[in-house]
1. Would you work out the Kirkwood radius for segment 101-195? I mean one over the mean of 1/r across all pairs of different Cα atoms, in Å.
2. Using a 1.4 angstrom probe on the protein heavy atoms only, line up Ser164, Ser44 by accessible area, largest first.
3. Based on Cβ point charges of +1 for Lys and Arg and -1 for Asp and Glu, what charge dipole magnitude is obtained for segment 1-99 about its Cα centre, in debye rounded to the nearest 20?
4. Can you work out the accessible area per residue across segment 60-105, with the rest of the protein chains kept in place, probe 1.4 Å, in square angstrom?
5. Within segment 73-195, count lysine pairs with alpha carbon atoms under 20 angstrom apart where the residues are 8 or more positions apart or belong to different chains.
6. Over the chain, calculate the relative contact order: mean separation of alpha carbon pairs under 8 Å at least 6 apart, over the residue count, as a percent.
7. Leaving out ligands and nucleic acids, and using a 1.4 Å probe, what accessible area per residue does segment 126-195 come to in Å²?
8. Find the Rg to Rh ratio for the chain, where Rh is the Kirkwood radius over alpha-carbon pairs and Rg uses the same atoms.
Amino acid sequence: MGLSFHYKGRFNKKASLREMIEEIEDIATVYKWEYKTYNRSFPSQPDKDQYNDCVYGISFTPPNCESVPIEFLSNGRMSSNVHLEFFGNSDRIDYQKYLYQISVKTQFAGPEVHMILIRLFKYLSKKYFVYFKFIDEGHYWETGDEKLLRETFSRYNELLDIVSHSIQSFPIMPGEKIETYFDRLIVHINKKRKR
């Protein structure tokens with residue numbers, strides 16, 4: 001739980017992966033974000049439906065934020081090394097759909113970092129991506145409204161505080177099943193939210 005954004009897409013074949021990586025390295029250096037690079041060029045004859053066991057691109061980690069993968073599989077589709085490891089060789093169809101869906105939680109990084117990341121994705125999506133889809137729980141991607149983003153962060157923080165405080169002050173009863181406890185906890189949290 002926590003404010004996040006979600007994205008998927010493909011790398012534009014007319015763009016340069018190496019150039020994109022270098023641009024992101026420069027940005028990460030300016031902000032003093034740790035980053036990790038992967039392969040800097042795609043295979044010469046990529047198969048749009050299949051992929052190998054390599055990852056291409058870069059990921060970086062702003063403070064108090066989940067890592068932000070700008071990574072691709074050999075077929076040019078956005079993914080990440082973690083997604084490839086967990087979902088890449090899965091026989092389960094319901095797991096395979098997650099291979100190309102990336103989410104990043106920015107809740108604890110704050111609205112300033114969130115805005116920087118949204119601006120970066122807007123820039124990258126125009127220059128390097130195709131078939132790009134982005135869902136922003138903070139609504140900054142669609143609106144550019146800083147006030148709305150800050151209000152959304154505030155609501156998420158308030159809800160996290162209520163849940164955290166409730167778990168600490170609302171103990172499980174001896175012998176109570178976990179499902180029953182969570183049912184009671186949710187009722188308790190909803191009462192606190194309505195106040």
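1. 16.0
2. Highest to lowest solvent-accessible surface, that is Ser44, Ser164.
3. That gives a dipole near 300 debye.
4. 49
5. So the count of such lysine pairs works out to 7.
6. 25
7. 73
8. A ratio of 1.06.
The values are calculated or read from the model by the stated rules, or taken from the named source; none is laboratory data. Since we're looking at a predicted model, the values are computed, not measured. Every residue, glycine among them, receives a Cβ derived from its backbone with ideal geometry; neighbour counts consider all protein chains shown. To get the accessible areas, we keep the full protein, side chains included, count just its heavy atoms, and leave off ligands, DNA and RNA. Shrake-Rupley method; radii C 1.70, N 1.55, O 1.52, S 1.80 Å.
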